[in-house]
Amino acid sequence: MSEVARVSLSLGRRKKRPIKITFVPLVDCFIILLIFFMLESSFVIPHGVELNNSKKEENKPVGTTSSESTLLFVELHKDGSVWLDGDKLAFSQLRARVPRVKGEAKPVIIASDVGVRLQTAVDVIDVLNARGYSKISLRETQQFK
């Protein structure tokens with residue numbers, strides 16, 4: 001009977017295996033995430049206007065008017081004033097002062113102060129669209145000061 005007791009006791013015991021911590025599943029997850037974000041970022045296409053016009057600016061004679069420049073710049077301020085290429089004017093004068101598009105339209109940047117109503121910017125965009133401008137970018141005026 002002692003043999004039976006010894007055999008039954010040995011069957012109930014399990015040998016302890018050492019605990020192994022593997023980083024392979026963790027590395028696999030990081031590689032999958034890395035590939036996902038790399039593929040996702042390659043589909044992002046930046047939209048904007050190329051402002052590096054140094055070659056065009058070098059050939060431009062001194063004292064050119066805004067109609068000869070390569071960019072139309074509109075500023076909207078909190079006090080309700082509208083600036084077109086550095087000239088202050090009322091919103092009612094904007095339609096008469098914006099030149100009509102002849103040939104290829106120049107890009108337009110609308111810079112707005114914080115606190116300017118969105119409807120004011122939309123009204124300016126409508127005026128520019130009516131004059132034939134389609135490449136319009138919105139910015140804060142703080143970026144240009």
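The values are calculated or read from the model by the stated rules, or taken from the named source; none is laboratory data. All of these numbers come straight from a predicted model, not from anything done at the bench. Glycine gets a Cβ as well: all are built from the backbone with ideal geometry, and neighbour counts include every protein chain shown.
General remarks:
- Q93 vs. criteria closer than 15 Å to S81 by Cα, free of Cβ contacts under 8 Å to residues at least 12 places away in the same chain and either part of a loop (DSSP other than H, G, I, E, B) or under 25 Å from the mean Cα position of the chain (by Cα) (or both): no
- Residues being surrounded by 10 or more Cβ atoms within 10 Å (Cβ to Cβ) and charged (D, E, K, R) - total across segment 100-114: 2
Quick grid of which residues meet (1) within 22 Å of the chain's Cα centre (by Cα); (2) modelled with pLDDT under 85; (3) under 13 Å from L76 (Cβ atoms):
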position: G103; (1), (2), (3): no, yes, no
position: P107; (1), (2), (3): yes, no, no
position: I110; (1), (2), (3): yes, no, yes
position: V114; (1), (2), (3): yes, yes, yes
position: V122; (1), (2), (3): yes, no, yes
position: D126; (1), (2), (3): no, no, no
position: S134; (1), (2), (3): yes, yes, no
position: E140; (1), (2), (3): yes, yes, yes
position: Q143; (1), (2), (3): yes, yes, no
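- Of all positions in segment 60-74, at least one carries a residue that is at pLDDT 85 or above, in a strand (DSSP E or B) and not polar (S, T, N, Q).
- Extreme residue, modelled with the highest pLDDT, among residues of segment 13-59 that are polar (S, T, N, Q) and not in a helix (DSSP H, G or I): T22
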